[in-house]
Amino acid sequence: MGTSTGRLAGRTALVTGGSRGIGRGIAERLGRDGALVAVHYGRNAAAAEEVVKTIEHAGGRAFAVGAELGVPGDAEALWAAFDAGLAGQRAAGEGAEGRGPAGQGTAGSLDILVNNAGIGQYGRIHEVAEADFDKVFAVNARAPFFVVRHGLERLRDGGRIVNVSSGVTRVAFPTAIAYAMTKGALNTLTLTLAEELGPRGITVNAVLPGVVATDVNPWLDDPRARARVAAYSAFDRVGEASDVADVVAFLASDDARWVTGQNLDASGGSNLGV
């Protein structure tokens with residue numbers, strides 16, 4: 001396998017929830033840009049390996065990282081799997097090249113962290129059970145917090161953190177109140193981390209997608225549902241994973257060096273008139 005080239009060549013990225021949906025689009029795009037991509041999955045190892053193969057077939061480099069989020073010890077388990085996977089890449093001669101201390105223990109082993117993994121939770125306030133509320137917060141808000149917390153030593157100065165939030169934080173969606181609250185928390189985490197990590201040259205931004213056509217949203221196969229969602233956007237179409245992945249790739253690159261603490265809407269101008 002040849003050496004990857006591109007604007008992210010020599011850098012290492014971790015994409016949580018990278019085995020499907022928006023996360024898969026992000027992982028594949030970062031791979032095309034030359035990064036060595038750690039494709040995280042919760043339970044479906046086969047899906048993650050498929051993404052790894054897709055990246056490799058395109059000339060990139062990737063490996064799968066398995067760890068269930070939203071459970072005690074999840075962040076530690078994720079980083080242990082990342083460290084082991086990266087060590088395997090080094091042993092195979094596939095580690096990131098030319099970026100300072102990469103390959104020397106866990107410190108300074110990561111350039112780009114994309115907190116994408118999340119679950120939905122739908123229902124109005126009187127319909128949300130406590131257990132469901134706790135679960136969506138554990139996966140969507142608590143896990144990113146501690147993934148960053150335990151990853152700070154691994155993240156290099158000048159690195160990038162991109163949090164995948166949601167357009168539901170801009171408008172009121174009573175039927176997704178608990179989910180929207182988790183993404184609001186992620187936006188606050190983004191702003192605060194940008195201030196905290198600025199002295200290290202690390203940028204922290206959030207991307208806010210609207211509804212995206214992926215296998216996570218099979219109901220979009222209904223033409224009427226698709227038309228209704230398309231009407232939300234100023235462009236009168238449903239978003240694709242690549243629409244969001246391209247924005248993340250920009251934020252992960254040197255071109256975004258002067259952008260931090262931002263919640264960047266990537267919903268195709270959804271609900272602008274609201």
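The values are calculated or read from the model by the stated rules, or taken from the named source; none is laboratory data. Model, not experiment: these values are computed from the prediction. Cβ: placed from backbone, ideal geometry, glycine included. Neighbour counts: every protein chain shown.
Some observations on this one:
- For residue 18, the test of being closer than 16 Å to residue 242 by Cβ, surrounded by 24 or more Cβ atoms within 10 Å (Cβ to Cβ) and more than 14 Å from the chain's Cα centre (by Cα) is failed.
- Qualifying positions in region 185-225 - β-branched (Val, Ile, Thr), within 20 Å of residue 171 (Cα to Cα) and surrounded by fewer than 16 Cβ atoms within 10 Å (Cβ to Cβ): 188
- Output for region 18-40, where each listed residue is of a type in the set (A, V, I, L, M), farther than 19 Å from residue 216 by Cβ and not in a strand (DSSP E or B): 30, 35
- A residue that is part of a helix (DSSP H, G or I) and out of contact with any Leu (no Cβ under 7 Å at 6 or more places or on another chain) can be found somewhere in region 118-126.
- For region 29-54, the candidate set comprises residues that are more than 14 Å from residue 14 (Cα to Cα) and touching an Asp or Glu at 6+ places or on another chain (Cβ under 8 Å); within that set, the residue that is surrounded by the most Cβ atoms within 10 Å (Cβ to Cβ) is 54.
- Restricting attention to region 156-184 and to residues that are free of Cβ contacts under 8 Å to residues at least 40 places away in the same chain and within 19 Å of residue 118 (Cα to Cα), the residue that is surrounded by the most Cβ atoms within 10 Å (Cβ to Cβ) turns out to be 168.
- Count - residues of region 158-185 that are of a type in the set (Lys, Arg) and at pLDDT below 95: 1
- Residue in region 137-150 that is assigned to a loop (DSSP other than H, G, I, E, B), within 16 Å of the chain's Cα centre (by Cα) and within 24 Å of residue 196 (Cβ to Cβ) present: no
- For region 110-133, the criterion of a residue being at pLDDT below 95, of a type in the set (Phe, Trp, Tyr) and more than 15 Å from the chain's Cα centre (by Cα) is satisfied by at least one position.
- The set of residues in region 236-269 being over 19 Å from the mean Cα position of the chain (by Cα) and at pLDDT 95 or above consists of 258 alone.
- Whenever a residue of region 39-59 is touching a residue at least 12 places away in the same chain (Cβ under 8 Å), its partners that are surrounded by 21 or more Cβ atoms within 10 Å (Cβ to Cβ) and of a type in the set (Asp, Glu), lying with C-beta atoms within less than 9 angstrom and at least six residues away or across chains, give the pairs 51/28; 54/28; 55/28; 58/28.
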